[in-house]
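Every number in this text was worked out from the coordinates using simple rules, so none of it is lab data. Bear in mind that the values here come from a model prediction, so they are computed numbers and not experimental data. Reconstructed Cβ throughout: ideal geometry from the backbone, glycine too, with neighbour counts over all protein chains shown.
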Amino acid sequence: MTQVDRTREHLIETYRKKAKHYDVTSRLYPAPGYPQRTQRLQAVRALGLRPGDTVIDMACGTGLNFPLLEKVVGPGGRIVGVDLTDAMLARAQDRIETNGWSNISLVQADAAGFDFPPGVDAILSTYAMTQVPECAEVVAHGAKALSGGGRWAVLDLKVPDNTPGWIAQLGTAIVRPFASIDEWTMRRPWDAIRVAMQEELADFSWTELFFGTAFLAAGSRGRSVSMDTDSPSASAEVGG
Ligand SMILES: C[S@@+](CC[C@H](N)C(=O)[O-])C[C@H]1O[C@@H](n2cnc3c(N)ncnc32)[C@H](O)[C@@H]1O
């Protein structure tokens, strides 16, 4: 078994244990009072979705983004939730049934091996991509599947720049749900995501959120869509 396989197995086991209470405990993620809902709204807004659009929620977990996505794509749109962990998808299925949504389908798959359907209007991933060792490849695969003008948005946590290493490690060790936290901190997967999105997307924006503890990276294939982050601490760069 390779190190990547071991990390993946550990991650599945961790989320199997967390799935039942994830909707409650995630409100404390990564810390009580963290503006997670505001960040989710910003990420969904960055997709520039319209009624009838098709959107993939990569590593969707229990489907906490589904209500926000439903609101913009409407009953004529389509949402595909993809996740590695069966127990998280079971909770997502409960949410779908409780809300009577008929336009959401779920796929159990590793993001790294997921065959993105061609011509999707948007891809979203929240609080998950930095856990995927092959995050840069996933960004690239997704970008190629987007329709012209289609949008990719990744929201996730990061270690703030200019933070002493030991403080960053202590903080992330407390909040992260998987064991290889040192590896995460040293590897800086948000940098890989940033570079991949910059390379793969026609326009690109990078917004630091909540004192640099999170980022929203977004871009489109083809034409650009304006992005309104509404965050006083936001700083955006445009490249691509
Ligand atoms: C912190 S949860 C976030 C869930 C959801 N996106 C949210 O915002 O609440 C991380 C999720 O990523 C999923 N995940 C981690 N690695 C994955 C991978 N390689 N492929 C697909 N899903 C993955 C886990 O199963 C888990 O459901």
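Starting with the highest mean, order 58-71, 112-125 by the number of other Cβ atoms within 10 Å, averaged over the residues of each peptide.
Numbers: 58-71: 21.7, 112-125: 18.4.
My ranking of the peptides, most packed first, is 58-71, 112-125.
If a/c stays under 1.5 just call it rounded; otherwise compare a/b with b/c (prolate if a/b is bigger, oblate if not). Do that for region 67-170, with a ≥ b ≥ c from the square roots of the Cα gyration tensor eigenvalues. Write out the running numbers ahead of the final one.
On the way: a/c = 1.91, a/b = 1.49, b/c = 1.28.
Prolate, because a/c is 1.5 or more and a/b exceeds b/c.
Would you kindly state how much longer the chain becomes between L28 and N103 on full extension, computed as 0.36 nm times their sequence separation minus their alpha carbon distance, in nm to one decimal? Write out the running numbers ahead of the final one.
Values: separation 75, 0.36 × 75 = 27.00 nm, distance 2.95 nm.
Using 0.36 nm per residue and subtracting the Cα-Cα distance, I get 24.0 nm.
Measure out, as a whole number of angstrom, how far apart the alpha-carbon centroids of region 131-155 and region 32-94 sit.
Here the two parts' Cα centres lie 15 Å apart.
What list do you get for M197, M186 if you sort them by fewest beta carbons within 10 Å? Provide the component values of the computation, followed by the final result.
Values: M197 26, M186 11.
Fewest to most other Cβ atoms nearby, the residues stand as M186, M197.
Just want the ordering: W184, W152, W206, W101, from fewest to most Cβ atoms lying within 10 Å of their own Cβ. Write out the running numbers ahead of the final one.
Values: W184 23, W152 28, W206 20, W101 16.
By the 10 Å Cβ count, ascending, the order reads W101, W206, W184, W152.
Enumerate the aspartates and glutamates that K71 could reach by cross-link, defined here as Cα to Cα under 12 Å, with residues fewer than 8 away along the same chain left out.
D53
Shape of region 1-158 from its Cα gyration tensor (a ≥ b ≥ c, root eigenvalues): rounded if a/c is under 1.5, otherwise prolate when a/b > b/c, or oblate? Mind showing how you got there, number by number?
On the way: a/c = 1.45, a/b = 1.17, b/c = 1.24.
Rounded, because the longest to shortest axis ratio a/c is under 1.5.
Please arrange H141, H10, H21 by counting, for each residue, the other beta carbons lying within 10 Å of its beta carbon, fewest first. Write down the numbers at each step before the final one.
Working: H141 18, H10 14, H21 10.
Fewest to most other Cβ atoms nearby, the residues stand as H21, H10, H141.
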